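Structure, as structure tokens:
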Amino acid sequence: MADEMPDLHVFGTQAAPDQWLVIAAGIAALAVVLPHGVWRLSRNAITIAHEGGHGLVALLTGRRLDGIRLHSDTSGLTVSRGRPTGLGMILTAAAGYTAPPLLGLGGAWLLAAHHVTLLLWLATALLLAMLVMIRNAYGVLTVVLSGAAFLLVSWLTSPDVQSAFAYAVVWFLLLGGVRPAFELQAKRRRHNSGSVNDTDADQLARLTSVPPALWLFLFHAVSICSLIGGGRWLLGL
């Protein structure tokens, strides 16, 4: 029948963009990651992914998620209840710095499979789910604005614009996911390592007796390997 409902467009595939658009999206993402002044603003998006990673893994490991707070200095706090030690707590603590690059890697895989629309709607759904757990006004504002951007692009723009936006977002997660681990390393060095006891690496060290330096190595390895692998997918290599 002519009026029969088509397959859901969100699960369909879209045409691959020109190579120049993929490269331009990567350059645009790099331009908001490298300059310090711009990074102070754009890092809020990485913090959303970071704290969202803590929250998601807390739920997946059976912990009770009490709430997430995002602050204007790009810091954040995720509070969950459960055993103060054990595998669930370790995975929850490790999820923060690894979440942005792994999200970027997953996004690169979707784009390599030409699922632009699916990526945009999945991102919107994750932001809406996270919004329920936000417990401060600034956090609500940043998540709402981010979700609105994905929603408006998905509904109101052409396929070319959607592709450019999706590729720029994924490049940003891959590139922006590398910088926080270096910032954490520099912070610990400035404070003579041992005096910094409130970072994810130090919390993981207390939970596992594994030195913070090895957890920093893990954060670096995940982010750099995700950038290499995701970048190859995005560039079609």
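The values are calculated or read from the model by the stated rules, or taken from the named source; none is laboratory data. The shown structure was predicted, so the numbers you read here are calculated from the model rather than taken from an experiment. Ideal geometry is used to build each Cβ from the backbone, glycine not excepted, and the neighbour counts take in all protein chains shown. In case anyone asks, the SASA skips ligands and DNA or RNA and just uses the protein heavy atoms, side chains included. Shrake-Rupley method; radii C 1.70, N 1.55, O 1.52, S 1.80 Å.
Brief remarks follow.
- Residue that is surrounded by the fewest Cβ atoms within 10 Å (Cβ to Cβ), among those in the range 98-125 that are out of contact with any helix residue (DSSP H, G or I) (no Cβ under 7 Å at 6 or more places or on another chain) and assigned to a helix (DSSP H, G or I): ALA125
Quick grid of which residues meet (1) in contact with a strand residue (DSSP E or B) (Cβ under 6 Å, 6 or more places away or on another chain); (2) farther than 22 Å from TYR97 by Cβ; (3) surrounded by fewer than 13 Cβ atoms within 10 Å (Cβ to Cβ):
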| position | (1), (2), (3) |
| --- | --- |
| ALA137 | no, yes, yes |
| VAL153 | no, yes, no |
| ASP160 | no, yes, no |
| ALA164 | no, yes, no |
| ASP198 | no, no, yes |
| GLY229 | no, no, no |
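- Per-region count, the range 29-59, residues over 18 Å from VAL79 (Cβ atoms), out of contact with any Phe, Trp or Tyr (no Cβ under 7 Å at 6 or more places or on another chain) and not small (Gly, Ala, Ser): 11
- Meets criteria (over 16 Å from the mean Cα position of the chain (by Cα) and of a type in the set (A, V, I, L, M)) for ALA164: yes
- Checking each residue in the range 81-97 for being surrounded by 16 or more Cβ atoms within 10 Å (Cβ to Cβ) and among the polar types (S, T, N, Q) picks out only THR92.
- Residues within the range 61-80 that are open to solvent by 40 Å² or more (accessible area, probe 1.4 Å) and under 17 Å from the mean Cα position of the chain (by Cα), tallied: 4
- Matching option when the condition is over 16 Å from the mean Cα position of the chain (by Cα), at pLDDT 95 or above and open to solvent by less than 70 Å² (accessible area, probe 1.4 Å), among LEU218, LEU174, LEU214: LEU218
- The one condition in (1) modelled with pLDDT of 95 or more; (2) in contact with a helix residue (DSSP H, G or I) (Cβ under 7 Å, 6 or more places away or on another chain) that ILE228 fails to fulfil: (2)
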